[in-house]
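Peer 1: Here it is, the structure, as structure tokens.
The values are calculated or read from the model by the stated rules, or taken from the named source; none is laboratory data. As the structure is a computational prediction, the values presented were derived from the model and not from experiment. Please note: Cβ atoms are built from the backbone with ideal geometry, for glycine as well, and neighbour counts cover all protein chains shown. To get the accessible areas, we keep the full protein, side chains included, count just its heavy atoms, and leave off ligands, DNA and RNA. Shrake-Rupley method; radii C 1.70, N 1.55, O 1.52, S 1.80 Å.
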Protein chains: 2
Amino acid sequence: MHVFVLAGIGEVRAGDDLAALILAAAESPVARLADGDILAVTSKIVSKAEGRQVAATDREQAITDETVRVVATRVYPGGVTRIVENRQGLVMAAAGVDASNTPDGTVLLLPVDPDASARALCTALRARTGLRLGVLITDTVGRPWREGQTDIAIGAAGVAVLDDLRGTTDASGRQLDVTVAAVADEIAGAADLVKGKTSGNPLAVVRGLGRLVEALQLQQGPAPQDAAGGASALLRPSETDMFRLGTAEAVAEGYAAGYAAGIAAARAAGPVAERSGRG
Amino acid sequence: MHVFVLAGIGEVRAGDDLAALILAAAESPVARLADGDILAVTSKIVSKAEGRQVAATDREQAITDETVRVVATRVYPGGVTRIVENRQGLVMAAAGVDASNTPDGTVLLLPVDPDASARALCTALRARTGLRLGVLITDTVGRPWREGQTDIAIGAAGVAVLDDLRGTTDASGRQLDVTVAAVADEIAGAADLVKGKTSGNPLAVVRGLGRLVEALQLQQGPAPQDAAGGASALLRPSETDMFRLGTAEAVAEGYAAGYAAGIAAARAAGPVAERSGRG
């Protein structure tokens with residue numbers, strides 16, 4: 001696997017043709033795209049091209065507007081961290097609202113439908129190059145239990161996002177029972193290692209994983225851009241999530257329910273207990 | 001960044017000299033190690049070399065024995081999923097106890113101290129090659145909120161695990177306030193993409209990230225194997241973790257406390273409320 005930056009895309013503006021900008025950046029001989037390549041595109045430039053930079057005097061209000069469900073909040077000196085499920089179904093801090101890399105008085109929202117953005121970009125790139133390419137749109141998130149942030153895939157087209165190894169066997173012939181590799185997130189992370197956060201490199205090419213691009217084509221026929229799934233297949237529904245709420249929030253929810261039940265139970269049994277001296 | 005498998009290590013047995021096996025595998029001209037390379041080593045072979053394959057008729061008991069703190073449990077048809085903090089401080093399903101890739105009646109436990117294992121391996125590899133190398137020991141974990149599993153670094157030596165970008169500025173000169181990239185986890189994920197789970201390839205070389213190996217040397221002086229940190233720096237303490245308990249467990253904890261408080265409150269106020277008709 002070879003991962004390299006596609007340099008020279010420059011500043012992206014609302015309405016820009018991202019596929020054209022990417023292909024222009026890929027004109028240099030060292031960066032020429034090849035069959036089976038996966039493009040990892042930082043969501044920021046997709047958002048900018050789609051005009052998602054909006055006026056917002058108050059970033060906190062913008063976060064509230066993008067929030068579908070509050071997962072956890074924590075007050076710290078100087079502000080509050082809000083981890084929420086946003087309109088895209090992603091659980092992330094600040095709903096993915098970005099106030100860096102934007103002029104004062106504006107914020108940058110995530111693409112409305114990152115999988116649709118990836119499909120449009122992948123379709124355009126495939127049509128113009130004749131190459132079997134995959135596209136991932138990436139963003140940066142924190143994780144429970146572990147320090148630091150990693151990049152994940154929030155949009156995908158033309159590339160498998162999960163590599164389902166269930167039913168296959170390990171090296172000694174034993175069944176691997178629960179392994180479904182989130183390859184799209186691992187690819188996004190690999191791309192982050194070469195893009196960095198501060199270098200102004202929003203594009204990376206991941207070469208050597210054509211099997212993941214092929215697999216989708218074989219499964220889906222000649223129109224992988226319409227493949228079911230995309231990165232939304234990586235979203236675990238809150239109903240099946242063992243961590244749908246922050247611990248403090250869940251304790252509070254349980255406490256309120258328990259308190260009400262305790263009051264009710266005591267009132268039902270209380271006078272009897274009182275009279276019989278069992279209280 | 002170039003990531004490739006180091007093939008041919010074969011089956012690892014208790015007491016094997018892992019550094020020697022790795023260097024033998026790196027003898028081929030295509031796989032020759034270079035300055036700044038990072039070796040990603042699947043924990044399984046480290047465990048095997050360290051004799052962590054133990055007799056266990058009951059995998060569930062082995063999981064219990066490795067558990068320091070239960071985070072969440074979920075019963076499903078045919079079993080129970082236990083997400084716990086294990087002796088290594090890692091929050092993971094089944095405490096990292098592995099019953100695949102081992103003979104019947106045995107399980108494979110994680111290395112006792114993965115950072116120490118990485119330091120020993122890194123020190124041996126550096127001494128025998130004269131090269132500035134980094135070592136990551138990797139394992140596979142699930143994540144809240146997202147489907148699928150990714151590889152993470154559970155042990156590290158000679159390589160920075162967190163790339164702290166706080167205080168640096170973005171492309172437009174604005175301060176980046178909260179970005180600390182968990183590069184060791186991203187490297188582990190990149191290595192997983194080439195190693196796969198079933199191919200019997202427990203070793204990958206990640207080339208092109210010498211800046212992360214250098215950074216540690218510059219910070220730590222001539223003995224990076226003694227650097228503070230290692231992969232344990234990626235462990236978020238439960239005290240500062242917003243997700244130290246599963247939602248169901250936290251609700252139950254809150255409910256029990258609330259119920260007791262409700263009973264107490266009703267008993268304290270109840271007779272008065274009863275008499276005054278406010279109940």
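Peer 1: Among residues other than residue B:205 whose Cβ falls under 11 Å from its Cβ, what is the net charge (Lys/Arg +1, Asp/Glu -1)?
Peer 2: +2
Peer 1: Short version: ³J(HN,Hα) in whole Hz for each residue of region B:74-84, in order, from phi by Karplus 6.51 cos²θ - 1.76 cosθ + 1.60 (θ = phi - 60°), x for Gly and Pro, what are they?
Peer 2: 9, 7, 10, x, x, x, 9, 8, 10, 9, 9
Peer 1: Computing the accessible area with a 1.4 Å probe over protein heavy atoms, can you report the carbon and sulfur percentage for chain A?
Peer 2: 53
Peer 1: Follow-up question, since we're still on this one. Would you please give the residues with an amide H less than 5 Å from that of residue A:246, counting only those at least 5 places away or on a separate chain, with H modeled from the backbone geometry?
Peer 2: Residues meeting the criterion, in which the H sits 1.01 Å from N, are A:72.
Peer 1: Right, another one. Between residue A:131 and residue A:106, what is the label-point separation in nm under the 7 Å Cα-to-beta-carbon projection?
Peer 2: With each label placed 7 Å out from Cα toward Cβ, I get 3.1 nm.
Peer 1: Also, quick follow-up: For the pair A and B, how large is the buried accessible area, both sides, in square angstrom to the nearest 100, if the probe is 1.4 Å?
Peer 2: For A against B, buried area totals roughly 7400 Å².
Peer 1: Also, I was wondering about something else. Quote to one decimal, in nm, the extra length available between residue B:13 and residue B:164 on full extension: 0.36 nm per residue of separation minus the C-alpha distance between them.
Peer 2: Once the chain is fully extended between residue B:13 and residue B:164, it gains 50.6 nm.
Peer 1: In nm, what does the list of distances from residue B:237 to its counterparts in the other copies look like, shortest first, when each label sits 7 Å along Cα to Cβ?
Peer 2: Nearest to farthest, the other copies are at 3.9 nm.
Peer 1: Let me ask another. What does the accessible area of residue B:76 come to, in Å² to the nearest 10, when a probe of 1.4 Å is used?
Peer 2: Probe radius 1.4 Å; accessible area of residue B:76 about 110 Å².
Peer 1: Just to make sure I understand: if all protein chains stay in place, what is the order of A:50, B:11 by accessible area at 1.4 Å, largest first?
Peer 2: Largest to smallest exposure gives the sequence B:11, A:50.
Peer 1: Taking each label point as 7 Å beyond Cα in the direction of the beta carbon, state the distances from residue B:70 to the same residue in the other copies, shortest first, in nm.
Peer 2: Here the equivalent label points are 3.0 nm apart from this one.
Peer 1: Taking a spot 7 Å from the Cα of residue B:81 along the direction of its beta carbon, which residues of region B:49-67 have an amide N less than 16 Å from it?
Peer 2: Counting backbone N atoms under 16 Å from the label point, the list is empty.
Peer 1: Find every distance from the label point of residue A:260 to the corresponding label point in the other copies (7 Å from Cα along Cα→Cβ) and write them in nm, one decimal, shortest first.
Peer 2: In ascending order, 2.2 nm.
Peer 1: Any idea of the accessible area per residue across the protein assembly as shown, 1.4 Å probe, to the nearest Å²?
Peer 2: Ligands and nucleic acids excluded, the figure is 42 Å² per residue.
Peer 1: Turning to a different aspect of this structure: Label-point separation (nm) for residue B:256 and residue A:74, each offset 7 Å from Cα along Cα-to-Cβ?
Peer 2: If labels sit at residue B:256 and residue A:74, their model points lie 2.4 nm apart.
Peer 1: Sticking with this structure for a sec: Quick one: 3J(HN,Hα) in Hz for region B:203-209, Karplus 6.51/-1.76/1.60 with θ = phi - 60°, rounded, Gly and Pro as x.
Peer 2: Whole-Hz 3J(HN,Hα) from phi for region B:203-209: 10, 9, 10, 10, 10, x, 10.
Peer 1: Which is farthest toward the positive dipole end of chain A among A:212, A:257, A:2, measuring Cα position about the Cα centre, with Cβ charges +1 (Lys, Arg) and -1 (Asp, Glu)?
Peer 2: A:257
Peer 1: Could you compute the net charge surrounding residue A:144? Neighbours are other residues with a C-beta less than 9 Å from the C-beta of residue A:144; K and R count +1, D and E count -1.
Peer 2: +4
Peer 1: Can you give the FRET efficiency to the nearest 0.05 for residue B:64 and residue B:116, using r as the Cβ-Cβ distance and R₀ = 30 Å?
Peer 2: 0.80
Peer 1: Pull out the extension gain between residue B:54 and residue B:207, defined as 0.36 nm times the separation in residues minus the alpha carbon to alpha carbon distance; nm, one decimal.
Peer 2: Roughly 51.6 nm would be gained on extension.
Peer 1: Also, I was wondering about something else. Can you spot the lysines whose alpha carbon is less than 19 Å from residue B:195's alpha carbon? Ignore those fewer than 8 places along the same chain.
Peer 2: Answer for residue B:195, where 19 Å is the Cα cut-off: B:44, B:48, listed by chain and number.
Peer 1: Let me ask something else about it. Step through the residues of region B:5-16 one at a time and calculate ³J(HN,Hα) from phi using the Karplus curve (6.51 cos²θ - 1.76 cosθ + 1.60, θ = phi - 60°), rounding each to whole Hz and writing x for Gly and Pro.
Peer 2: So the Karplus estimates, Gly and Pro as x, are 6, 9, 7, x, 6, x, 6, 9, 10, 4, x, 4 Hz.
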